[in-house]
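Engineer: Okay, handing you the structure first.
No value in this document is a laboratory result; all are computed from the given coordinates. All figures in this text were calculated on a predicted structure; none of them were measured in a lab. Glycine gets a Cβ as well: all are built from the backbone with ideal geometry, and neighbour counts include every protein chain shown.
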Amino acid sequence: MKSSRAIRIITSLSVGVVAIASLSWLGLGQVSGQISRIDVFANLKDRPEKTSQALNYLVVGSDNREGLTKEQIKALRVGSTKVAAGGRSDTMLLVHISKSRDSAYIVSIPRDTLVTVPAHRSQDGTRDIPPLPGKINAAYAFGGAPLLIQTIEEKTNLQIDHYIEVSFAGFTGIVDALGGIEVCSKVAINDPKSHLVMAAGTHTLGGIEALKYVRTRDFDGRGDIGRMERQQQFVGAVLRKATSSGVLLNPIKLTNFYNAAISSVKMDAGVTKNDLLTLAKQLRNLSSGNVRTLTVPISNPNGRHPTAGSVVIWDDALAANLWIKIRNDEALLETVKPTASASAKPVTIDKFKTKTAADNPCAAIDSRA
């Protein structure tokens, strides 16, 4: 009798899991079919060679104000849609998924990275602009996603396979649809530019406060570097909550999440629901050893350029080595720094500092999200 009852319980649980998975799959298909598609690759020429079956996503957070209410714009104090005409790429993540689809790297690209913006037409379409030095987010402002992708591909010699863009409104809508996201800060935050005021400790942030949190960069002296680390942690928390049982088993939350994603996310035409499922599986496991988050190796985070102004300058050797490894779908190892007694002779280091859950004092908070 006990054995029979146990079998019935296991069978019921199995059927429930299959049903949930099926509903999630159908919902994912619905989202994939209704998300806005943009043609970002059609006119790109002389692209880097594809050397493996690994996938490279460029995920961009745009500061486009479209979709925000007047109340939200007032709360953010970011100016109107008209003020932000053209938009800028506020956040850039390169997500590399291995050819075996069992591991991933998430590389943050500083928005003030010094690059050569390729030749392009002026925004009013009246003249040709030659290649010129500038910040990487200027490429998006000048020519949208296509020019940004071309700029990154020329800078990294890495082919981008897919493009995903989330606007301010999209970000706030997704966070609110999930019922807020829990974050942990070791220090108090008071940033007059992002207008975020938050005590040290754990907080559940709604959409507007969450947007302030991932945009803040002037409270700790670490600028874009500190901000990128917080963004990496926050992305992990969002994906884990979106794929948690608390959302998947809640029809209202699930519907709200789908609707928020549909209404505010743009993707290239080639992204399928299979691609989305693989991406979600990798990003939800940010706390595991199979997903590593890192920032492009930097030689000067506070550089100056005569025409581009304040810029972030990559370490030529380490950054080039990073992109070669990702291009060839090779493993990244921990950075080994020379000791003070080491020879003054330059040392070529082909290892990169990455972060796992052990480096994140709030990993336990994130994993519960």
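Engineer: Taking neighbour Cβ counts within 10 Å as the exposure measure, how do Leu211, Leu93 sort from fewest upward?
Structural biologist: Listed from fewest to most nearby Cβ atoms, that is Leu93, Leu211.
Engineer: Further question: In terms of modelled amide H atoms, which long-range or inter-chain residues lie less than 5 Å from the amide H of Ala269?
Structural biologist: Ile38, Val40
Engineer: Are any of the pairs Lys135/Lys273; Lys45/Lys273; Lys253/Lys281; Lys45/Lys325 more than 30 Å apart by Cα-Cα distance, and if so, which?
Structural biologist: The answer is Lys135/Lys273.
Engineer: A follow-up question, please. Take Trp314, Trp323 and order them by how many other Cβ atoms sit within 10 Å, fewest up front.
Structural biologist: Ordered by Cβ neighbours within 10 Å, fewest first: Trp323, Trp314.
Engineer: Still on this structure: Determine, for each peptide in 142-154, 233-245, the mean count of other beta carbons within 10 angstrom over its residues, then list the peptides with the highest first.
Structural biologist: The peptides rank, most packed first, as 142-154, 233-245.
Engineer: Something else about it: Fewest to most neighbouring Cβ within 10 Å: what's the order for Asp268, Asp39, Asp124, Asp218?
Structural biologist: Lowest count first: Asp124, Asp39, Asp218, Asp268.
Engineer: I would also like to ask the following. Would you report the distance distribution of C-alpha pairs in region 208-325 as whole percents per 5 angstrom bin, up to the bin with the largest distance?
Structural biologist: 2, 9, 12, 17, 19, 17, 12, 8, 4, 2, 0, 0
Engineer: Compute the separation of the alpha-carbon centres of region 186-208 and region 110-151 and state it in Å as a whole number.
Structural biologist: Region 186-208 and region 110-151 have Cα centres separated by 33 Å.
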